[in-house]
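Student: Below is a structure I'd like to ask you about.
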Amino acid sequence: MLCLLLSHITLDHTSRITPVPPKRFYLGSVFLQGMFNKILIANRGEIAIRVMRACRELGISTVAVYSEADKNALFAKYADEAVFIGPAPSRQSYLRIDNIIKAALETGAQAIHPGYGFLSENTHFASACVENGIVFIGPPSSAIDAMGSKITARQTMKDAGVPIVPGIEEGITDPDIAAEIAERIGYPIILKPAAGGGGIGMKIVQSREELLPALISSQSVARSAFGDDTIYIEKYLTEPRHIEFQILADNHGKTIYVSDRECSIQRRHQKLIEESPSPVMTEELRERMGSIAVKAAKAIGYSSAGTVEFMYSRGDFYFLEMNTRLQVEHPITEMVTGVDLAKEQIMVAAGYPLGYDQCDMKINGWAIECRINAEDPLNDFAPCPGKIKRYRSPGGPGIRVDSGVYTGYVIPPYYDSLISKLVAHGKDRKEAIARMERALFEYIIVGVKTNLIFHKAVLRNKRFRSGDINTHFIKDENIVEAVKIVAVEDYEKGMSLASALGADNRQIAAISAAVGSYLSQNRAEEKS
Ligand code: ADP
């Protein structure tokens, strides 16, 4: 099969893969004409558009699937075809495996890209694709399965010689046994749902007294969120960094690490700002952690793009989990390496070998991503869906905006509140930060509350600028208080600019909004 495949591709001078269509080759149970002709994207928002962009560059037609709430969404308009799959709630649309497979079969899509979230790590979905002769653009379902339960993943990694956070590899229900284990590991500990994700149901426990209520609460959250209340225990590392490695693997035995990413700026264990490389990274550490990431991927027979997450603390690092899909923060890796991860995923799924070797992976400069959400940083980051009345995204050197919104778009309340991923790339960290600050200044979003101001507050913080961060940064630095100060500063700047221009009230509001202030956005909303 390898020979058959190789006879249909040529290597150019830069060793990139150039497909030579349209000879036939055999992949699993599907006959393909060189590359796919049509791909269905089983997702929505910015990630659906991101994947469609890769398809367009590869000359592949795209099919979007959309719910009732996404009738007017940009991704549904961007696609060559769009198929309605059900009512707004995801359970009745984006999580309906039968409807999505039907849409693929009816439109003649040969492959499905699942994006992230929704069905991207669902083994039933991956298997259903294969059973229906459709290629799932992701790893084999056995690899998804191996990482699906955090307990199984820990055991597999332990067996493969990958360092894991001290803890246990079985579920606990009995509080006395839990107490014994906690005593052995040493407080503080963290209780985690085995089926967990998104930081849901995790509980930090400082002492024996806190253990029982924490266990009950963790179990009940896990039961309702994941339908599985298996809880396990890990040592709670007190000042860790979250550092992860992007990996790529093909079906011909090659696995490489692409770049490291620092994702320590989090709220409620959810990432808000990511950067690549990590400020603590050295060539030696990258090679050590990257090789372990490759080892982890190989241990489960991985292919496609994936991410191996680690906790890093005082020179030591431990496997946390592996995400068997494209991550939200993949663009920062693309910016510093020049690798188009979405395209590589598609090529690998079509049976092509990776277009790169490990020695091709060079880090060029620095990239930072801010997740721009419709949420209120001054009200515990509560989501703020609604109509975007004015929208203008930043541009200029080193700026990339991955988004799925436009002026007049209504952010639905049913899904996550991500408006865009704002990425700044510079020759070094200092330039990346300066560009990000400039881009945040240029960004205009009126009509919904956003966390633009939150990002400004983080970027102005001295500790952040020095690179001395860990997962407690937002709390320790009291960034929420800093947001209020930045809001007032920006508002005053906007006002003085407006009065210097002799603007009337309406213009004052608009100009203030242009400086992106939390307060002024509200003002602009009132006036318009
Ligand atoms: P999820 O899959 O629910 O997102 P993860 O296991 O990936 O959960 O952890 C998410 C975040 O929670 C990490 O980035 C880190 O901030 C925190 N965390 C998880 N496990 C630990 C631990 N053992 N010690 C300290 N912090 C942890």
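Student: List every residue pair whose Cβ atoms lie under 8 Å apart, where the two residues are 6 or more positions apart in sequence or sit on different chains, the first residue falls within region 425-449 and is on the phi > 0 side of the Ramachandran plot, and the second residue, located anywhere, is part of a strand (DSSP E or B).
Tutor: Listed by first residue and then by second, the contacts come to GLY447/GLY386; GLY447/LYS387; GLY447/ARG390.
Student: Look through region 357-382, keep the residues that are at pLDDT 95 or above and part of a loop (DSSP other than H, G, I, E, B), and return whichever of them is farthest from GLU274 (Cα to Cα).
Tutor: ASP357
Student: In region 302-356, which residue that is under 17 Å from the mean Cα position of the chain (by Cα), open to solvent by 20 Å² or more (accessible area, probe 1.4 Å) and more than 16 Å from the ligand (Cβ to nearest atom) is farthest from GLN155 (Cα to Cα)?
Tutor: Filtering first and then ranking leaves MET335.
Student: Something else: Identify all residues within region 128-167 that are of a type in the set (A, V, I, L, M, F, W, C), in contact (Cβ under 8 Å) with a residue 40 or more places away in the chain and open to solvent by less than 10 Å² (accessible area, probe 1.4 Å); write none if there are none.
Tutor: Of everything in region 128-167, those that are of a type in the set (A, V, I, L, M, F, W, C), in contact (Cβ under 8 Å) with a residue 40 or more places away in the chain and open to solvent by less than 10 Å² (accessible area, probe 1.4 Å) turn out to be ILE134, ILE137, ALA143, ILE144, ALA153, MET157, VAL162, VAL165.
Student: Still on this structure, I have one more. In region 206-214, is there at least one residue being within 13 Å of the ligand (Cβ to nearest atom), touching a residue at least 12 places away in the same chain (Cβ under 8 Å) and assigned to a helix (DSSP H, G or I)?
Tutor: No - not one qualifying residue is present in region 206-214.
Student: Quick one: ASP229 ticks every box in (1) near the ligand (Cβ under 10 Å from one of its atoms); (2) part of a loop (DSSP other than H, G, I, E, B) except a single one, so which number is it?
Tutor: It is condition (1) that ASP229 fails.
Student: For PRO397, are the conditions met, namely being without any contact (Cβ under 8 Å) to a residue 60 or more places away in the chain and out of contact with any helix residue (DSSP H, G or I) (no Cβ under 8 Å at 6 or more places or on another chain)?
Tutor: No: the conditions fail for PRO397.
Student: Out of SER264, SER259, SER291, I need the residue that is polar (S, T, N, Q), modelled with pLDDT of 95 or more, away from the ligand (no atom under 16 Å from the Cβ) and open to solvent by less than 10 Å² (accessible area, probe 1.4 Å). Which one?
Tutor: The conditions single out SER259.
Student: While we're on this one: Scan region 183-210 residue by residue and report those that are open to solvent by less than 20 Å² (accessible area, probe 1.4 Å), at pLDDT 95 or above and among the hydrophobic types (A, V, I, L, M, F, W, C).
Tutor: ILE189, ILE190, LEU191, VAL205 - these are the residues of region 183-210 that are open to solvent by less than 20 Å² (accessible area, probe 1.4 Å), at pLDDT 95 or above and among the hydrophobic types (A, V, I, L, M, F, W, C).
The values are calculated or read from the model by the stated rules, or taken from the named source; none is laboratory data. Here the structure is a predicted model, which means the values were calculated and not measured. So basically every Cβ, Gly included, is an ideal-geometry build from the backbone, and we count neighbours across all protein chains shown. The accessibility values were calculated without ligands, DNA or RNA, using every heavy atom of the protein model including side chains. Shrake-Rupley method; radii C 1.70, N 1.55, O 1.52, S 1.80 Å.
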